Amino acid sequence: MPLARLLRSSALRPRLVGTGRSPRHLGGDRPAPEDAAALRAIVSGLYGGRSLRIRAVDAGSTNAEELELTALGNAYYDIERLGLSFVASPRHADVLMVTGPVVRNLAGALRATYDAAPSPCIVVAVGDGACTGSIWKGSYAVVGAVDEVIPVHIRIPGDPPSPDDIIRGLAAGLRGAR
Amino acid sequence: MTAGQAVAAGLPGAALLWVFAAIAGLAARGPRVRQLAHALLAAGSASGLLASLAHQLAALPPLKLAAPPILFGAPFVVDRLSAFFLMLLHGVSLMAAWFGWRYGEDEAAKYPPRLVVPLTAVFCLGMHGVLLSSGAASFLLFWEAMSVSSFFLVMADGTADSRKAALLYLAVAQAGALALLVGIGVLGGGSARVTLAALGTGLPALPPASRTLALGLVAFAFTSKAGLAPFHAWLPEAHPRAPSQVSALMSGVMLKIAVYGLLRFTSICWPALPDGWSLALAALGLGGAVVAVISANIARDIKRILAWSSVENLGLVFAMFGFSALAGAHGHPRLASAILGAMFLHVFAHALFKAGLFLGAGAVLHGAHTAKIEDLGGLANRMPRLSAAMLALALAAAPLPPFGAFAAEWLLVESLLASFGTGELLLVAVGAVLLTGVAFLAGMAVFAMVRLFAFTFLAEPRSAGARLAAEPPAPLRSPVAVLALAGLALGVLAPWASPLLPIPLTRAAWTVSAPPAPAAARAATAAAPVSALPLALAAALAGALVCAWLAGRLLAPGRRVRRVRTWDCGQPIDATMEYTATGFSAPLRFFLRDIVTAEKHLVFSRVHPANPWITRGSMEFRKAAGAVERIYLPIAGFIEGVGARLKLLQNGVIQFYVALMLVTLMLTLWVAL
Amino acid sequence: MSPALLTLVQGAIVVALAPLAPGLVRRFKAVLQGRQGPPTLLPYWTIATLFRKETVVSQSASWVFLAAPTAVLASSLLAACVLPLVSRGGALAPLSHLLAVSGIWMLGSVFLVLGGLDPGSAFGGMGASREMTISAFLEPALVVSLAALAIASGSPAVDAMMDVAGRGLLLRPWLLPAVGGLALVALGENARYPVDNPATHLELTMVHEAMLLEYSGPHLAILELASAVKLATFALLLANLLVPAGLLRAGAGPLAAAAAVPAAIAKLAVTMGGLALVESGMAKLRLYRLPEFFFGALFLGLTSLGIGLMAGFK
């Protein structure tokens, strides 16, 4: 690896917030103003999100989103270069990535996870189900979108969103907050 | 009043007060008089403690106290060695009396106080007498008083298990006492008036076989009392059964009395112990300690864990004694006395922390009504003060800095390193084995003590008793805290503990090949006297703690703390899902399965003879044979077998008895003529 | 520079550089895996971020849980101050007695274990059980390995063992197994491969991480800092045993102190590179095979003693 690149990638600021490119699909999905204010407060409190640790929460997804989240860690997407990493406990998490329409049996678990995470905590709804309830909306087995259970700061639609979409969505959300 | 007068008044005064305590305890019908008895016990202990401290601190020569004519005229004498053990006895008995003041009343239904109070006084009196006796007859008498009273104390709660344990204890204790009697008889030429000091004089005249027999018998008497493997099986059975303050006395002091006896007899009779005996003591001590510390990690009753830990610590003491004797016999007196000093420091530290842990276990038992470690838990929230004291004691027992046992281990390791410098293969080999063994024991003891503390005090309570427990009252809590502080003080001030010990603490000379290093570089480490290091380490630890605390405070100002339930992955958990003490030591049991194991047999049989894939499995699981099964039961079986043979003589036929008498008469006549 | 100042400077440098150690090893591992990997300085940001967060504490936890991080950090800090890492002959150097050092580290492990058990989570209990087993079994290996070095240097203080480091090892090759044993102890004590997987997210395979699962915010920051300091301490100690160059002495000027920092960074980088190679080149051992690791480490130390005895400890 060339020394310059090594040094650049070792720089203090992770690349996530400063990519400069605009996300492809997410023009209409900027955070709502009140979410943006909350998110802005959180991100500025956490050193601009240079080091964020993610806890993935499955609230009843089809596992499609989980596959994409898993792909984030591989050598191609490598979210670690952005200062992001997945952790094993919500106690360690700065970001909860929630997938799936919240099914009734997991609503309590989702709430408990949110309670278990120390504030400030950014909640990201990943996938159509988490953002809106998608095709399961209104079903007797489903509570609905994540924001009906816990406050959501960033929404990343897609069924499922690709790892690219997830990274861009996160970047857009955090940049919007800055 | 001079120190000498204080000693001359204090020690007989203690005995007298204890006699009164025994009488008051016997006469007591209500709590008032019983409290008087406890007050007398405590007063006697305090008087004895002050007297023994005065003796040690004033560096008095051996003092004659009294020569009661009924004990064959041999006077009571106190010297540095006995005063050290007297100090331990009186210190621990003071705490035990303080604890028993309240504990005895609250647990009166379980342990009848009219039995426990007078017997405790007799028990203490017995140990007191053993330490002061200079005559063989009074030594034996008080030795028996100590054994028999503690036998009754072990079965004080009257349950079948306790009786069984007490009988095992009695059998071993009486076998030991018998061995001692015979040993003294052989050494003293059968005289009842012989003094201990005179036992050594006749020794060279004895034939070698008698000498070895006497040595073996005396060694058996003391090592079986002190719980040296393989004579230790009674100890983890008997010690936990007694009321907690008595357990503290038994583990904290009585075992040390046996060590005292061994030291006294060897110093008189065998100043130069033969190598074989030293090596045997060291090997049995270390081996027994290893087995005991693993057993401590498997046991599931707090007091049983503590009893196993006592076996471990006494094993270590014997190993130190054996190595010291070996070094002495090979012409390294400085090394020998350094190790002996470390041994006394360890004995001191063990008395403090073990008494404290037993009293603390009593307080836990008092609050939670169970000593089963799997049924406890959550007590740190319910008894914060007791838990803090117990944490300190557990760390002291571990042994970790900055407590007394760690200081002793420190001195020991320095001596072991110094033994490498002697260049003698035997010493180096034993030193290397001991070094490895001591480090292994330290690691395992940490494991056992962490397990003991964590599963008693941390997490959620696993039974109703533990859930409803509350902070024990101050009279139960304070002795534990005092002993914890004493252990801390001993650890911090170890370099200055020499005036209290029988011999001063020294550092072994270190004459290993010096490397060709610049003198200035070596001066940095060599200049500081090693003796001040425990204090420096304690201070540095305290400093580091303050730094760490300040760092946390400064870097996280205005810390918000929110309490939520334990992270459960969304599925509520309760105390039954906690890791158990058994599970905690599972890796250890697996790793050491070759040493102490349960025997597991897996048998697979085919369901259909032609099909190798579908099998029916069965597993058999049983505890592997321990010392009881391997040693005690065969001996018992042998004695029973002999008894059954002898019973043939007693067949109830009068003609047979007459014939026997006739044969005896004829044999006697034949021998006589 | 006075010895007291020397100790303080060493403590400050080691603590300041400590988060670099996990950052470097993660970075090197990522490079070996063909990834760009996290920024090297990320652990600093992680710790800083954690200090800004709320503390969430289990309802089951007691004062032990709250006190444990401070005790663990204190243990790491003290070890970082007494051992010859950046300097030699500091005021606390006599405290680098081999038994004191093992006691200090053991205290840290004990409190970590108690903190892991206190919330009553089965994950914490499992991690605690394993951590305690590892610490307990590595104790003899640590003591025996250091004892071999102590005999060679004629002093039980690790500080004086630097006399026989570097070229001294070549003069006394019987010490090499002890250094190897120490390296194995370092891997085990720091929860690295092949004893533990520091990057796992699966609770069932965790050792160190499982005990931290209940900690959050500043508590977690303190514990991460403590484990980084411990890693850096072991790394610098091993590096100094092999190459005892660039160590500050009493009387050194501020310029020398400034030069000690790049030297320490270089040592950290090299050891962490080696660690990354080890971790990328081998699989984690099954828990059940760990005794081979423990007794291997102990055996290396005893080998040193044995050969040393035959060589007359010269």
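Readers should treat all values here as calculations from the given coordinates under stated rules, not as data from a laboratory. On a predicted model such as this, the values are computed, not experimentally measured, just so you know. All Cβ positions, glycine included, derive from the backbone under ideal geometry; neighbour counts span all protein chains shown.
Against the empirical 2.2 N^0.38 Å scaling, what ratio does the C-alpha Rg of the stretch A:39-177 come to? Intermediate values should be presented prior to the final figure.
Details: Rg = 13.8 Å, N = 139, 2.2 N^0.38 = 14.3 Å.
Against the empirical 2.2 N^0.38 Å value, I get 0.96 for the stretch A:39-177.
How would B:Ile573, A:Ile167, A:Ile156, C:Ile265 line up from fewest to most surrounding beta-carbon atoms within 10 angstrom? Could you put the intermediate results ahead of the total?
Values: B:Ile573 17, A:Ile167 21, A:Ile156 29, C:Ile265 14.
By the 10 Å Cβ count, ascending, the order reads C:Ile265, B:Ile573, A:Ile167, A:Ile156.
Per residue of B:420-431, how many C-beta atoms from partner chains lie within 10 Å of its own C-beta, taken as a mean? Walk me through the intermediate numbers first.
Numbers: counts 8, 3, 0, 3, 0, 1, 0, 0, 6, 3, 0, 2.
Mean partner-chain Cβ count within 10 Å for B:420-431: 2.
As I understand it, the dipole of the stretch B:1-130 uses +1 on the Cβ of Lys and Arg and -1 on the Cβ of Asp and Glu, about the Cα centre. Which of B:Gly10, B:His90, B:Ala37 lies farthest toward its positive end?
About the Cα centre, the residue reaching furthest to the positive side is B:Ala37.
Give B:Lys225/B:Lys256; C:Lys53/C:Lys267; B:Lys225/B:Lys372; C:Lys29/C:Lys267; C:Lys29/C:Lys284 a once-over and call out the pairs whose C-alpha atoms are over 21 Å from each other. Please report the intermediate quantities before stating the final value.
Values: B:Lys225/B:Lys256 9 Å; C:Lys53/C:Lys267 33 Å; B:Lys225/B:Lys372 26 Å; C:Lys29/C:Lys267 17 Å; C:Lys29/C:Lys284 15 Å.
Where the Cα-Cα span goes over 21 Å, the pairs concerned are C:Lys53/C:Lys267; B:Lys225/B:Lys372.
For B:Lys225, B:Lys647, C:Lys29, B:Lys110, which order do you get if you count the other beta carbons within 10 Å of each Cβ and list the fewest first? Mind dumping the intermediate values first?
Details: B:Lys225 27, B:Lys647 9, C:Lys29 21, B:Lys110 13.
Final ranking by Cβ density, sparse to dense: B:Lys647, B:Lys110, C:Lys29, B:Lys225.
Considering only DSSP beta bridges whose two residues both sit in the protein assembly as shown, what percent are antiparallel, to the nearest 5? Working shown, then result.
On the way: 18 of 39 bridges.
Looking only at bridges with both residues in the protein assembly as shown, the antiparallel portion is about 45 percent.
Just the Kirkwood number for the protein assembly as shown, please: inverse of mean 1/r across all distinct Cα pairs, in Å, one decimal.
Working: mean 1/r = 0.0308 Å⁻¹.
That comes to 32.5 Å for the protein assembly as shown.
Which whole-number percent is the relative contact order of chain B (Cα, under 8 Å, 6+ apart)? Don't jump to the answer; show the numbers that get you there.
On the way: 1069 pairs, mean separation 74.9, N = 673.
Relative CO of chain B lands at 11 percent.
Principal axes first, then extents: for the Cα atoms of the stretch C:194-314, list largest minus smallest coordinate on each axis, whole Å, largest first.
Largest first, the stretch C:194-314 extends 50, 47, 25 Å along its Cα principal axes.
Largest first and to the nearest Å, give the Cα extent of the stretch C:24-161 along each principal axis.
50, 41, 29
Give me C:His97, B:His608 sorted ascending by neighbouring Cβ count inside 10 Å, so fewest comes first. Mind showing how you got there, number by number?
Numbers: C:His97 28, B:His608 9.
Ascending number of Cβ neighbours within 10 Å: B:His608, C:His97.
Using alpha-carbon pairs under 8 Å, 6+ residues apart, how would you state the relative contact order of the stretch B:323-445 in percent?
Numbers: 103 pairs, mean separation 34.3, N = 123.
Relative CO of the stretch B:323-445 lands at 28 percent.
Whole Å is fine, so just give me how far the alpha carbon centre of the stretch C:149-210 lies from that of the stretch C:254-314.
Cα centroid to Cα centroid, the span is 4 Å.
Computed over the Cα atoms, what is the radius of gyration of the stretch C:3-310 divided by 2.2 N^0.38 Å, N being its residue count? Each step should come with its number before you reach the end.
Numbers: Rg = 18.7 Å, N = 308, 2.2 N^0.38 = 19.4 Å.
Dividing the Cα Rg of the stretch C:3-310 by 2.2 N^0.38 Å gives 0.96.
Could you let me know the centre-to-centre spacing of the stretch C:26-69 and the stretch B:147-161, using Cα atoms, in angstrom?
55 Å
How many angstrom lie between the Cα centre of the stretch B:396-427 and the Cα centre of the stretch A:92-165?
Using only Cα atoms, the two centres lie 59 Å from each other.
Over all residues in C:200-210, what is the mean tally of Cβ atoms on other chains that come within 10 Å of each residue's Cβ?
On the way: counts 1, 8, 1, 3, 0, 0, 1, 0, 0, 4, 2.
Per-residue shielding by partner chains comes out at 2.
Determine the relative contact order of chain C: mean sequence separation of Cα pairs under 8 Å and six or more apart, normalised by residue count, in whole percent. Don't skip to the end; give the middle numbers.
Details: 532 pairs, mean separation 93.4, N = 314.
Here the relative contact order equals 30 percent.
Viscosity 1.002 mPa s, temperature 20 °C: what is the translational diffusion coefficient of chain B from Stokes-Einstein with a Kirkwood Rh over Cα pairs, rounded to a whole number of µm²/s? Please list the in-between numbers first.
On the way: Rh = 27.0 Å.
Roughly 79 µm²/s, to the nearest whole number.
Determine the dipole magnitude for the stretch A:70-137: charges of +1 sit on the beta-carbon of Lys and Arg, -1 on that of Asp and Glu, nothing else is charged, the reference point is the Cα centre, and the result goes in debye to the nearest 20. Don't jump to the answer; show the numbers that get you there.
Details: 5 positive and 5 negative charges, 52 e Å.
Computed about the Cα centre, the dipole is about 240 debye.
Where does the stretch B:216-337 land on the Kirkwood hydrodynamic radius, alpha-carbon pairs, in angstrom? If you can, show how the numbers build up before the last one.
Details: mean 1/r = 0.0689 Å⁻¹.
Final number for the Kirkwood radius of the stretch B:216-337 is 14.5 Å.
Setting aside same-chain residues fewer than 8 positions from B:Lys64, which aspartates and glutamates have a Cα under 16 Å from its Cα?
Straight-distance partners of B:Lys64: B:Asp79.
Work out the length of the dipole vector of the stretch A:39-177 about its Cα centre, built from +1 on the beta-carbon of each Lys and Arg and -1 on the beta-carbon of each Asp and Glu, and round it to the nearest 20 debye.
Details: 12 positive and 14 negative charges, 95 e Å.
Roughly 460 debye for the stretch A:39-177.
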